[in-house]
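The values are calculated or read from the model by the stated rules, or taken from the named source; none is laboratory data. This is a predicted model, so every value here is computed, not measured. Ideal geometry is used to build each Cβ from the backbone, glycine not excepted, and the neighbour counts take in all protein chains shown.
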Amino acid sequence: MMNELVGGLIQMNSHMEQSGLAVFLLVIGVSIALVCGIVSMYSFVDGDKKFAVFVMVLAVMGVIAAIVGAKLPREQIIHACADGQVSLEQVAGRYDIIKIDGKELTLKVR
């Protein structure tokens, strides 16, 4: 079922997408957690317990960063088709225009 968006736009599909910050936090958080967890295990086995605890705290901080990245709100991305002439100023007043490809507009809801 197609919905009318803004005079002359017909929604083709809509999906939720993670922001760039969310993806960055997920990748960095998981990477730090894995590396610090492995370093902590080797340090604990070698007998350097204080360093192992410090690195494990860094691993926990990496896990927290990944959780924050996963919990960040997602952005709604809409693919719409122009039905006749469309005023881009009117569309830009309500949406962020990501891409224009002929009659197809890719928009992000503010």
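The residues listed here are Gly8, Gly84, Gly69; of these, the one that is under 26 Å from the mean Cα position of the chain (by Cα), within 30 Å of Asp96 (Cα to Cα) and small (Gly, Ala, Ser) is Gly69. Which members of the stretch 67-84 meet the condition of being part of a helix (DSSP H, G or I) and basic (Lys, Arg)? The answer is Lys71, and nothing else. When you look at Val27, is it within 19 Å of the chain's Cα centre (by Cα), modelled with pLDDT of 95 or more and either on the phi < 0 side of the Ramachandran plot or not assigned by TED's automatic domain parsing to the domain that holds Ile100 (or both), yes or no? Answer is yes for this residue. Residues of the stretch 66-90 that are surrounded by 14 or more Cβ atoms within 10 Å (Cβ to Cβ), within 14 Å of Gly20 (Cα to Cα) and among the small types (Gly, Ala, Ser): Ala66, Gly69. Of all the criteria given as (1) in the same structural domain as Ile10 (by TED's automatic domain parsing); (2) touching a residue at least 12 places away in the same chain (Cβ under 8 Å); (3) of a type in the set (A, V, I, L, M), the one not satisfied by Val68 is (1).
Of the numbered criteria (1) at positive phi; (2) part of a helix (DSSP H, G or I), the one Ile64 fails is (1).
Scan the stretch 91-110 for residues that are outside any strand (DSSP E or B) and surrounded by 12 or more Cβ atoms within 10 Å (Cβ to Cβ) and the total you get is 3.
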